[in-house]
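Right, one structure below, let's go through it.
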Amino acid sequence: MKPDPDVAAVAERMRRGRSRTSGSNGRGVSFACGQRIHSGGGRGGAWRVLSGSVRLDREEPTGEQSFAGLAVKGDIIGAESLLFDRYSFSATALAECVLAPWPETRSAAAAESLSRTLAKAEQRAAEVIALRCGQAAERVRRLVLMLAHASEDAGAAQGDLQVVLPSRQDMAEITALTLETVSRMVSQLRQAGMLAPQRFGRHRSHRRFSVRSPADEAC
């Protein structure tokens, strides 16, 4: 599965400085939930996640895709292409997301940006490992809070968090749990009051929730 040709063309124009308006906010390129951003082995540049979340997968010798990483707001994906001229992983939008070509500039500030990016990548890798360790309830809770904090609006009131959950299958593969276990843990979080489904008219969303983060939240 390849990126939408029109999206890829817009991204290339942005990289060359010919276009500054694209996607939903004039700053980047929008990808719909489930849309492939790039494929492993393909050519292209790196991206910064401006909003939403992205799943990274590696291709196994059998040809199957297996979960390799998670990127949220502020993270960089595809940086390895700057060194190896090819992507090591496939990237797919877990929820609607907006990406911008990275690095943004070639000025001296880019070096400082690179240092911050590398430090953040190391931290994110540790967080992703934690999503696959420990009790099932804690794994799902960590994933929910990671995605909720990543989508937090800087202008929102403190504690007012919202999240668009990935599919239950994606959540199961990210947390190394079964589909049934993830569904049960999400139900438990709803019953405990941590997740409150958002309403659209008379209907409740199955993926969009308000999140009530406990005061003693642990990292």
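The values are calculated or read from the model by the stated rules, or taken from the named source; none is laboratory data. Remember, predicted model here, so these are calculated numbers, not experimental data. Cβ placement follows ideal geometry from the backbone for every residue including glycine, while neighbour counts extend to all protein chains displayed. Side chains are part of the model used for accessible areas, which takes the heavy atoms of the whole protein and leaves out ligands, DNA and RNA. Shrake-Rupley method; radii C 1.70, N 1.55, O 1.52, S 1.80 Å.
For region 66-81, the Karplus equation 6.51 cos²θ - 1.76 cosθ + 1.60, evaluated at θ = phi - 60°, returns couplings of 10, 4, 10, x, 9, 10, 10, 3, x, 7, 10, 10, x, 5, 4, 5 Hz by residue, with Gly and Pro reported as x.
Multiplying the residue separation of Arg184 and Leu82 by 0.36 nm and subtracting their alpha-carbon distance yields 32.6 nm.
Computed from backbone phi, the HN-Hα couplings of region 134-145 come to x, 5, 4, 4, 5, 4, 5, 4, 4, 5, 4, 5 Hz, rounded to whole numbers (Karplus: 6.51 cos²θ - 1.76 cosθ + 1.60, θ = phi - 60°; Gly and Pro given as x). Using a simple spin-label model with points 7 Å from Cα along the Cα→Cβ vector, what separation in nm is obtained for Arg202 and Glu96? According to this spin-label approximation, the distance is 2.5 nm. Residues in region 161-169 carry Karplus couplings, in order, of 10, 9, 8, 10, 6, x, 4, 4, 5 Hz; the curve used is 6.51 cos²θ - 1.76 cosθ + 1.60 with θ = phi - 60°, and Gly or Pro positions show x. Largest first, the residues Ile129, Ile76, Ile174 sort by 1.4 Å accessible area into Ile129, Ile76, Ile174.
Summarising the amide proton neighbourhood of Gly69: residues at separation of 5 or more, or on other chains, whose placed amide H is nearer than 5 Å comprise Leu56. The listed residues Arg27, Arg124, once ranked by accessible area (1.4 Å probe) with the largest placed first, stand as Arg27, Arg124.
Ranked by the mean number of other Cβ atoms within 10 Å per residue, highest first, peptides 82-89, 45-52, 179-186, 200-207 order as 45-52, 179-186, 82-89, 200-207. With the whole protein complex present, Asp57 retains an accessible surface near 10 Å², based on a 1.4 Å probe. Close amide-amide hydrogen proximity is noted between Val29 and Leu99, Ala100, each under 5 Å apart and 5 or more residues distant or on a separate chain (H modeled in the peptide plane; Pro and chain starts excluded). Proximity of backbone amide H atoms, modeled 1.01 Å from N, is registered between His38 and Ala91 at under 5 Å, excluding neighbours fewer than 5 places apart on the same chain.
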